[in-house]
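Below: one structure, written as structure tokens.
Computed from the coordinates by the stated procedures, all read-outs in this text should not be read as laboratory data. These numbers were taken from a predicted model, which means no experiment stands behind them. Note: ideal-geometry Cβ built from the backbone for every residue, glycine included; neighbour counts use all protein chains shown.
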Amino acid sequence: MSAVSSTGPTISIEGSRKARGNLTQRRIRWAMAFVAIVFAVMGARLVTLANVEVDTTIEGRARDAITASRPPILDRNGIEMAVDIRVPSLFAEPRRIIDVEEAADAIRTVLPNIDRKWLVQRLTGDRGFVWVARELTPAQQDRIMQLGIPGLDFLVESKRFYPGGSVAAHVMGAVNVDNVGIAGIEKHLDDDNLALLQELGLARGNAMTPVNLSIDLRVQHALYSELTDALTRYQAVAAAGAIMDVRTGEIVAMVSLPDFDPNNPATILEEGRFNRMTAGKFEPGSTFKTITIAGALESGAVTITDRVDARFDMRFGRFSISDYRGQYRILTVPEVYRHSSNIGTIRIMQAMGKENFRAFITRMGLEGMPQIELPERTASAIPPTFSEVGAATASFGHGLSVTPLQMLTAHAALVNGGYLMPATLFARSEEEAMALSTPVISGRTSAYVRYLMRLNGVVGSGSTGNRIAAGYRWGGKTGTAEKVIDGRYSSAKVTNFFASAFPLDDPRYAMVILVDEPQPENAQTGRTAGWNAGQVSARVVTRVAPMLGIQPNSDPSLDAGLVPPELRSEDL
């Protein structure tokens with residue numbers, strides 16, 4: 001009995017331990033199986049997510065493109081002309097909006113200009129992203145965040161800012177709300193120069209290397225100021241101008257008024273706010289006489305010592321052409337230029353021949369569109385062939401239309417020794433410019449042109465301006481072109497030009513100024529170009545020449561040195 005009672009409990013305890021061990025093992029196996037299932041589910045989910053194409057766009061545009069920056073744009077001296085600033089933009093997730101009407105009303109307490117109906121429609125639906133308002137101020141962002149509306153959030157974007165405002169509007173252009181260039185150099189950088197952007201590391205998402213322009217912001221401001229003054233002083237409807245380095249083709253300043261505010265791109269659409277220097281074409285008037293006479297001198301058909309019969313009006317069938325202020329006598333070639341004789345210019349062109357004259361116009365780069373990086377350009381309008389009367393009127397700048405930039409480029413070639421260079425808004429060395437240039441006239445002809453331009457500045461139609469710009473050896477040619485109104489030339493409305501260069505003893509810069517529909521400044525003045533475009537040019541020279549390192553010098557020997565040897569016995 002005692003043996004049975006002593007072994008019974010031992011067997012029972014060992015059986016219980018075995019049962020508990022088996023249960024534990026089963027639990028461990030179940031736990032391991034559960035963990036394995038969880039990891040399998042997670043793995044499967046990860047595989048699924050890896051194969052899902054993530055939406056990286058916002059309303060059809062790449063997120064990177066929206067949040068990316070543009071390169072800063074600097075003038076030739078490193079002064080900022082365009083920079084990016086970071087601004088908050090409001091977006092909504094409509095599927096998370098609880099009460100659309102309430103949310104719309106709350107948003108409009110901060111942004112009252114948003115149309116309520118549009119906003120309600122915008123916030124309705126199950127979309128995951130919609131823009132509500134772009135480019136807000138930090139204060140507006142704070143007020144909207146304080147509303148505490150679920151489903152609203154902000155994305156930080158880049159906004160283009162132009163510190164100079166409108167001063168260089170037509171050069172800079174503008175960007176749209178997505179920071180994409182829509183005009184000017186901004187559009188050129190986006191559309192026409194992508195390879196260069198990538199080469200310079202300017203592609204979106206990369207470090208922003210600054211873009212340096214040839215513009216000198218100091219000179220730009222001076223030109224802008226004088227043209228703005230011209231609009232008021234002469235009650236003109238428009239004014240424009242540009243200055244070019246004749247040795248490189250670099251544009252150091254370009255202005256066209258009326259302009260727009262690049263910080264408010266919508267103003268670019270207002271009437272008349274186009275770049276008249278590159279996208280406007282005009283009859284150049286008597287400024288074209290410089291082209292005509294240079295061509296005749298270069299051809300050898302005329303010499304600087306020749307005399308021209310300007311005693312009588314020129315007749316072509318029923319048409320008669322006369323001089324504005326006729327001398328009606330035999331004129332020397334310099335006198336034809338100084339007195340702006342239409343009759344004398346026609347006879348000089350005829351000595352050259354109308355076919356050679358037409359070919360010289362093309363040679364001087366006046367055909368087609370002007371060469372420059374701006375997308376806003378228009379082509380000149382020049383008849384492919386000239387009739388006798390067509391060649392006659394073209395010789396003094398009527399019956400054909402060119403852009404002011406083409407006239408500027410041509411005049412730069414006439415004074416720089418005879419090398420036609422494409423205009424540029426980017427830095428260019430003299431060596432690079434010469435490699436791109438085309439010889440169009442000889443150095444000898446160029447010297448004749450410099451003499452003629454200075455002569456007209458001293459004793460011709462530029463003389464009133466020369467008194468303003470005394471010492472800077474400046475000179476050029478006026479042009480007063482009657483505008484075509486209802487198919488007929490109108491003497492009541494004119495466009496005036498002055499094409500000039502300085503200093504003419506050692507040319508560095510050429511300039512073209514346009515004043516559209518000017519009125520006399522006072523009762524003692526007129527409305528021809530010498531009274532407005534010429535004087536504007538002179539005032540610009542007095543302001544910008546010192547900035548450009550040109551000092552005044554009234555030494556008579558400088559002017560005497562411009563007189564051709566054949567004419568040294570005569571006074572300048």
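The figures follow:
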{"item": "Shape of segment 77-118, Cα gyration tensor, a/c cut at 1.5", "result": "prolate"}
{"item": "Difference of contour (0.36 nm per residue) and Cα-Cα distance, VAL459 to SER557", "result": "33.6 nm"}
{"item": "Magnitude of the charge dipole, the chain, Cβ model with Lys/Arg +1 and Asp/Glu -1, debye to 20", "result": "1000 debye"}
{"item": "Residues with amide H under 5 Å from that of LEU257, placed H, sequence gap 5 or more", "result": "ALA239, ALA240"}
{"item": "Potential extension, PHE161-ASP506 segment - 0.36 nm per residue separation minus Cα distance", "result": "120.3 nm"}
{"item": "Value of relative contact order over the chain, rounded to a whole percent, pairs C-alpha under 8 Å and six or more apart", "result": "13 percent"}
{"item": "For ALA133, residues with placed amide H under 5 Å, excluding near neighbours", "result": "LEU90"}
{"item": "For the chain, the longest site-free run once trypsin sites (Lys or Arg not before Pro) in DSSP loop states with at most 14 other Cβ atoms within 10 Å are removed", "result": "330-567"}
{"item": "Fewest-first sequence of HIS398, HIS170 by Cβ atoms within 10 Å of each Cβ", "result": "HIS398, HIS170"}
{"item": "Whole-Hz couplings from phi, Karplus 6.51/-1.76/1.60, listed for segment 289-304; x for Gly and Pro", "result": "4, 4, 5, 4, 5, 4, x, 5, 5, 5, 6, x, 5, 9, 10, 5"}
{"item": "Amide proton proximity set for GLY399, modelled H, under 5 Å, gap of 5+", "result": "none"}
{"item": "Karplus 3J(HN,Hα) series, Hz, for segment 551-562 with 6.51 cos²θ - 1.76 cosθ + 1.60 (x for Gly, Pro)", "result": "9, x, 8, 9, 4, x, 5, 5, 5, 4, x, 7"}
{"item": "Crossing angle, helix 2-50 versus the chain [Cα axis fit, 0-90 degrees, rounded to tens]", "result": "20 degrees"}
{"item": "Using alpha-carbon coordinates, inclination of helix 443-459 to the longest axis of the chain, degrees", "result": "80 degrees"}
{"item": "Cα shape, segment 368-448, gyration tensor, a/c 1.5 rule", "result": "oblate"}
{"item": "Correct choice for Kirkwood radius over Cα pairs in Å that was computed from the model, options (1) 25.6; (2) 28.2; (3) 29.0", "result": "(2)"}
{"item": "Backbone N within segment 137-164 under 14 Å of label point (7 Å from ASP99 Cα along the Cβ vector)", "result": "148-150"}
{"item": "Using alpha-carbon coordinates, inclination of helix 138-147 to the longest axis of the chain, degrees", "result": "30 degrees"}
{"item": "J(HN,Hα) series, segment 343-355, from Karplus relation 6.51 cos²θ - 1.76 cosθ + 1.60, nearest Hz, glycine and proline x", "result": "4, x, 5, 4, 5, 5, 5, 5, 5, 6, x, 5, 5"}
{"item": "Cβ-derived FRET efficiency at R0 56 Å, ILE37 paired with ALA359, nearest 0.05", "result": "0.05"}
{"item": "Residue order, fewest to most beta carbons within 10 Å, for TRP30, TRP474, TRP531, TRP131", "result": "TRP30, TRP131, TRP531, TRP474"}
{"item": "Dipole magnitude of segment 217-347, debye to nearest 20 (Cβ charges: Lys/Arg +1, Asp/Glu -1, about Cα centre)", "result": "620 debye"}
{"item": "For PHE498, PHE260, PHE316, order by how many other beta-carbon atoms lie within 10 Å, fewest first", "result": "PHE316, PHE260, PHE498"}
